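Heads up: the structure comes next, in structure tokens.
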Amino acid sequence: MPELKVCGATSTADLGLLAAAGADLVGLWHGVPGGHADLTVGRLTSLAAAAHLITPVLVTLAADVRDVLAVSGIRVVQLHGYQPPGTVRALKQLDVHVIKVLHVSGSSCPERPLIRAYERAGVDSFLVDAVGADGRIGSTAQSLPPATVLDLVDAVSVPFLLAGGITAANADAFAEVAAHPLFRGVDVDTGARDASGAFDAAKVSALRRNWTERVAA
């Protein structure tokens, strides 16, 4: 079954809500300067230890988080910046699962020429995400055209997740993407929150139904 990853948890209450609502993975931010959910190493470690029913993922823009992974015990890392293939190779020496984001602006992806190099370095999966109009990466709430996503993922040979403006309501628009044999699931931040910015259990449950359970049916 495809997976649902929800990003930006900052409390044990967030972990409990997300797990109960059906999320499989939770993104814990560290090394995301100015990020609304950026955590200290201590707080990251504490939340990772409390994530008994959901898999914690270290989400980072940093170039080297090997020490952070060792301290926190997290076994999945998402490289959300423009880290080179060498960073993937170094992390794989720690026997962790590495997700590398492929940033898409319009129809352009700067990492596209490096896809094979990332795969040779041992990347486990990619995450396709939209770059904001101002160049911002991560939590932009901007969607990509399905045709653009399909063109990019046809160039990869490892599983991929889809991010960028994902909501329960737009699952049908990406039906062809979800049917791709390498589709692994979706990564959501804004689409899992209410108007105040707090996680919304009903929205997370709807994401689960529309993007993972229905796809697997």
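A compact globular protein would have a Cα radius of gyration near 2.2 N^0.38 Å; the ratio found for the chain is 0.93.
Estimated from the Cβ-Cβ distance and a Förster radius of 35 angstrom, the FRET efficiency linking A13 and R89 is about 0.40.
Label point of S105 set 7 angstrom out along Cα-Cβ; within the stretch 55-83, amide nitrogens under 15 Å from it belong to 81-83. Centre-to-centre, using Cα atoms only, the stretch 72-89 and the stretch 173-217 are separated by 24 Å.
Evaluating 6.51 cos²θ - 1.76 cosθ + 1.60 at θ = phi - 60° for every residue in the stretch 75-86, the Karplus couplings come out as 10, 10, 10, 10, 7, 8, x, 9, 5, x, x, x Hz, glycine and proline recorded as x. The slack in the chain from H52 to V71, taken as 0.36 nm per residue of separation less the alpha-carbon distance, amounts to 5.1 nm. Each Lys and Arg contributes +1 and each Asp and Glu -1, all at the Cβ; summed about the Cα centre of the chain, the dipole is approximately 300 debye.
Which values, in whole Å and largest first, are the semi-axes of the equivalent ellipsoid of the stretch 1-117 obtained as the square root of 5 times each eigenvalue of the Cα gyration tensor? Working shown, then result.
Working: eigenvalues 114, 55, 37 Å².
The answer is 24, 17, 14 Å, longest axis first.
Here the extension length gained between H97 and H36 equals 19.5 nm, from 0.36 nm per residue of separation less the Cα-Cα distance.
As a rough footprinting exposure proxy, the listed residues H80, H36 were ranked by other beta carbons within 10 Å of their own, and the order from fewest upward is H36, H80.
When a footprinting reagent is the concern and you count Cβ atoms within 10 Å, what order do D200, D154 take, fewest first?
Numbers: D200 18, D154 10.
Sorted ascending by nearby Cβ count, the order is D154, D200.
Every read-out reported here was derived from the displayed coordinates using simple, explicitly stated rules and does not represent laboratory data. Note that this is a predicted model, so its numbers are computed, not measured. As a convention, Cβ positions derive from the backbone with ideal geometry for all residues, glycine included, and neighbour counts pool all protein chains shown.
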